[in-house]
Amino acid sequence: MSFATLWESLLPIGRDGLSGGYRRFSWTPEDAACRAWFTQAAAERDLRVLADNNGNLWAWWDPPGWPGPGAPGGTKAVVTGSHLDSVPDGGAFDGPLGVVSAFAAVDLLRERGCLPVRPLGIAAFSEEEGGRFGVACLGSRLLAGAIDPAAARALADAAGVTLAEAMAAAGHDPDLIGPDDDLLAAVGAYVELHVEQGRALANLDAAIGIGEQIWPHGRWRLDFTGRPDHAGTATLADRRDPMLPFAAAVLAARQAAASHGARATVGKVTAEPGAVNAVSARVSAWLDARAPDERTLETVVGEVLAAAREAAAGHGVELAAGPESVTPAVVFDQGLRERLASSLAEQDIAAPLLPTGAGHDAGVLAARVPTAMLFVRNPTGVSHSPAEHAEPADCAAGVRALATVLEDLACR
Ligand code: GLV
Ligand code: MN
Ligand code: MN
């Protein structure tokens, strides 16, 4: 099996020498290197590679004698994959484990002498983490028509470069982005393998799990605008300091999450102009909130925004707040899920059902295509961190599980 070779060849790309974490942001040189890696892995396996209009990569193993996409009576494809981009200083596994396992599963199917009777695709979706342009699962959202292409083109990174500019600089025509109904109509099932981002499998002593549902979740941006002033001379009473309502919002997020069994995180904040010896002019913060159901999510976000507004008013600070991306609750396709469970059970692979608070392209695509997920045990549960890990034996179990599922879905 080729997992280790493929894994080692991807590992150096975009790794930060100091933190040991990954900085693979879309449409950067690191992203181009990941794309070249994907193209080479596909070419080594005689797979047909193409980038769709949204910059997602696809590698196709066409069945012998297949008449091509769109042919009358053409059978629908089975697709697996994940993403290659990362959060800032992310781990090696979140995303790449699914893509590397997909290529390794193709190798294993070939070793087993399996031939697909329907097209088998491997996808690497662009900007899954929203690490550069702020909207999670941007590539799959565009493909599925879940975001307005004009709004997507205007998304800007921290340096003010828009998605349109970044795509154009990388040789992709941004005017072509948007839903691709023909491509989606040709896909009968999408199965994403992913490292688990929690400790449920470790607690259950299982190497592999099956995704049951994804919590509704989203990102909200809060801009607090105050009045810059001198840190030594402005009296406390005279200040309009945006840092104070920002701090109140962070504490409210923790409080709201704790009281509703949810998650709320402020992981990114900027203060302008950033002088040590001045009251800030503006503080911008991003709230990431997730909950077991949509009503609870609304309640949590409502409480945080209410606390932020109240604190802003109390300090003479303006607050502008709104969602950047929101993903509704997803329950994975029950028929596909049960089919995964029974093909794994036939091979004596125990795979408990797991809900997750992490977002995935499979969750976005679920609105258009039957989707399912496989999770691979993460012994500490830590993710979005250089410490993210999965043991080699569990990665190998993941490849075997994925190959088993793909054999059932695509080769019979
Ligand atoms: C993606 O990993 C997310 O859940 O934010
Ligand atoms: Mn992630
Ligand atoms: Mn991921």
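Couplings 3J(HN,Hα) of the range 140-155, computed from phi: 6, 4, 5, 4, 8, x, 9, 8, 5, x, 5, 5, 5, 4, 7, 4 Hz, in residue order, whole Hz [Karplus 6.51 cos²θ - 1.76 cosθ + 1.60, θ = phi - 60°; x for Gly and Pro]. Students often get this wrong: which residues of the range 279-310 have the backbone nitrogen under 13 Å from the point 7 angstrom along Cα-to-C-beta of residue 268? Of the residues in the range 279-310, 284-289 have backbone N under 13 Å from the label point off residue 268. All other residues whose Cβ lies under 15 angstrom from that of residue 271 are scored, Lys and Arg at +1 and Asp and Glu at -1, for a net of +2. Prolate is the label for the range 183-316, because a/c, from the alpha-carbon gyration tensor with a ≥ b ≥ c as root eigenvalues, is 1.5 or above and a/b exceeds b/c. Between residue 36 and residue 334, the simple spin-label model (points 7 angstrom out along Cα→Cβ) gives 4.9 nm. Farthest towards the positive end of the charge dipole of the range 256-386, among the residues 356, 342, 330, is the Cα of 356, using unit charges on the Cβ of Lys, Arg, Asp and Glu. Working from Cα pairs under 8 Å separated by at least six residues, relative contact order for the range 267-324 is 20 percent.
Peptide packing for 205-212, 271-278, 150-157 was compared via the average number of neighbouring C-beta atoms within 10 Å per residue; ordered from the highest value, the list is 205-212, 150-157, 271-278. As an exercise, use a Förster radius of 60 Å and the Cβ-Cβ distance of residue 275 and residue 112 to find the FRET efficiency, rounded to the nearest 0.05. So the FRET efficiency works out to roughly 0.40. Amide H contacts under 5 Å for residue 282: 226, 272, restricted to partners 5 or more places along the chain or on a different chain, H placed in the peptide plane at 1.01 Å from N. Sorted on the mean count of surrounding Cβ atoms within 10 Å across their residues, most packed first, peptides 22-35, 131-144, 321-334 read 131-144, 22-35, 321-334. Using a probe radius of 1.4 angstrom, the carbon and sulfur fraction of the accessible surface of the chain is 54%. Protein heavy-atom accessible surface, 1.4 Å probe, per residue over the range 199-308: 50 Å². Summarising the overall dimensions of the chain from its C-alpha atoms, the Rg and Dmax are 22.5, 80 angstrom.
Helix 243-260 and the longest principal axis of the C-alpha atoms of the chain enclose an angle of approximately 50°.
Summing Cβ point charges (Lys, Arg +1; Asp, Glu -1) relative to the Cα centre of the range 124-176 gives a dipole of roughly 60 debye. Per residue, the accessible area of the range 44-158 comes to 31 Å², computed with a 1.4 Å probe over protein heavy atoms only. Taking the chain as a whole, the Cys residues whose C-beta sits 4.7 Å or farther from every other Cys C-beta are 34, 137, 395. Compute the distance from the alpha-carbon center of the range 89-124 to that of the range 138-206, in whole Å. Their Cα centres are 19 Å away from one another. Between residue 230 and residue 199, the FRET efficiency from the beta-carbon distance, with R0 = 45 Å, is close to 0.40.
Dipole orientation for the chain: of the candidates 271, 383, 186, 271 has the Cα lying most toward the positive pole (charges on Cβ; Lys, Arg +1; Asp, Glu -1).
The values are calculated or read from the model by the stated rules, or taken from the named source; none is laboratory data. Predicted, not measured: the structure shown is a model, and the values here were computed from it. Positions of Cβ are generated from backbone atoms using ideal geometry, with glycine treated the same way; all protein chains shown enter the neighbour counts. Areas reflect the complete protein model, heavy atoms only, side chains present, ligands, DNA and RNA absent. Shrake-Rupley method; radii C 1.70, N 1.55, O 1.52, S 1.80 Å.
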